[in-house]
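Working notes for the structure below.
We did not get these values from a lab; they are worked out from the coordinates using the rules stated. Since we're looking at a predicted model, the values are computed, not measured. Glycine also receives a Cβ, built like all others from the backbone with ideal geometry; neighbour counts cover every protein chain displayed.
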Amino acid sequence: MKKVFNVLSNYYDLIYEQKDYAGEAAYIVQLIKSYSPKAKNLIEFGTGTGKHAFHFCNSGFTVKGVEPSAEMLKAVKEHHPKLSLQQDSITSFKSDELFDVATALFHVISYLNSNSELIASFKNVHKHLKNDGLFIFDVWYSAAVLTQIPEERIKTVQNDYIEVIRKAKPINYWNRNVIEVAYDINVLEKATGKTHNFLEQHEMRHFSIPEIELLADITGFKLLKAEEFGTAKIPGPDTWGVNFVLRKK
Ligand SMILES: C[S@@+](CC[C@H](N)C(=O)[O-])C[C@H]1O[C@@H](n2cnc3c(N)ncnc32)[C@H](O)[C@@H]1O
């Protein structure tokens, strides 16, 4: 799975060009301000092409972006003097620096499928936070995934140079809380008419709130908040992404 984003990163930003990174970053900053008003430095795991990170820098934070995919890092377009980037995973990242806040946004934690990987990752985040540091992340929410059941979907996006058609076919592994999404991606180069086909698989785990609370508890965190990502609504069967705020105990 880890290799998935190497291919995807070339057109990742095009696929998600409608995503409101500025608005999402503002939502996270407001959570940080309310729980840790003095926070100054932030580590972002699974920073991808660095879009939230850029807005965090503009809000005054010094940011370290950690991302396992070299290709995603290569696709970072907006660099910032307050942003440093490092190729690594949330599980194995090591640094002597400690942070006020750790984030993992846009379902990064859902890419961790096994309990052992999750426990190791949460413990690693804990190790790199200052006392009372915050860990903020969003995940796929079981109540919504199991009510709505993901279906086959097609997304088409284009710019002046390429057209991308992405077909997504999900398989539900009911007893693992995992949805495997097989992507069939066709990229057309408009100038030459050449097409490229990629097949990719994402294994996404979904979570309940008590499951995250238990995971937090055994890795040294206290659950402060679980709400719909971006809206702060109480999660329900129509809430695909739930955002969690944990505090290091
Ligand atoms: C849907 S993308 C989100 C990227 C970025 N946060 C954003 O909002 O655009 C998921 C990201 O998680 C990263 N990822 C997957 N497994 C990871 C791991 N073990 N540690 C850190 N990041 C991981 C992927 O490489 C990818 O960049």
Please list, or write none, the aspartates and glutamates whose alpha carbon is within less than 19 Å of the alpha carbon of Lys94, excluding same-chain residues fewer than 8 places away.
Glu44, Glu67, Glu117
Starting from segment 1-107, pick out the trypsin sites (Lys or Arg not before Pro) whose DSSP state is loop and whose Cβ has at most 13 other Cβ atoms within 10 Å.
Lys2, Lys3, Lys19, Lys38, Lys40, Lys77, Lys94
Taking the Cα centre of segment 129-175 as the origin, how large is its charge dipole in debye, to the nearest 20, when only Lys and Arg (+1) and Asp and Glu (-1) carry charge on their Cβ atoms?
140
Multiply the residue separation of Lys123 and Lys38 by 0.36 nm, subtract the distance between their alpha-carbon atoms, and state the gained length in nm to one decimal.
28.3 nm
Stokes-Einstein D for segment 1-134 at 37 °C, 0.692 mPa s, Kirkwood Rh over Cα pairs, in µm²/s?
218
Rotationally averaged projected area of the chain (alpha carbon convex hull; nm²)
12.9
Of the listed pairs Lys82/Lys233; Lys82/Lys123; Lys19/Lys169, those with alpha carbons more than 24 Å apart are Lys82/Lys233; Lys82/Lys123
Among DSSP beta bridges whose residues both lie in the chain, state the antiparallel percentage, nearest 5.
70
From DSSP H assignment alone, runs of 4+ in the chain each adding -39500 (n - 2.57), the sum over residues rounded to the nearest 500 puts [θ] at 222 nm at -8500 deg cm²/dmol
Magnitude of the charge dipole, the chain, Cβ model with Lys/Arg +1 and Asp/Glu -1, debye to 20:
580
Between Lys130 and residues 5 or more places away or on another chain, the pairs with built amide H atoms under 5 Å apart involve Phe99, Asp100
Mean separation of Cα contacts under 8 Å (6+ apart) over length of segment 1-116, as relative contact order %
29
Sites matching chymotrypsin sites (Phe, Trp or Tyr not before Pro) across segment 101-210 that sit in DSSP coil, with at most 16 neighbouring C-beta atoms within 10 Å
Tyr161, Trp174
Return one number: the angle in degrees, 0 to 90 and rounded to the nearest 10, between the long axis of the Cα atoms of helix 21-35 and the longest principal axis of the Cα atoms of the chain.
10
C-alpha long axis of helix 115-127 to longest principal axis of the chain, angle in °:
60
Where in the chain lies the longest segment free of GluC sites (Glu not before Pro) that are both loop residues by DSSP (not H, G, I, E, B) and have at most 13 other Cβ atoms within 10 Å?
153-249
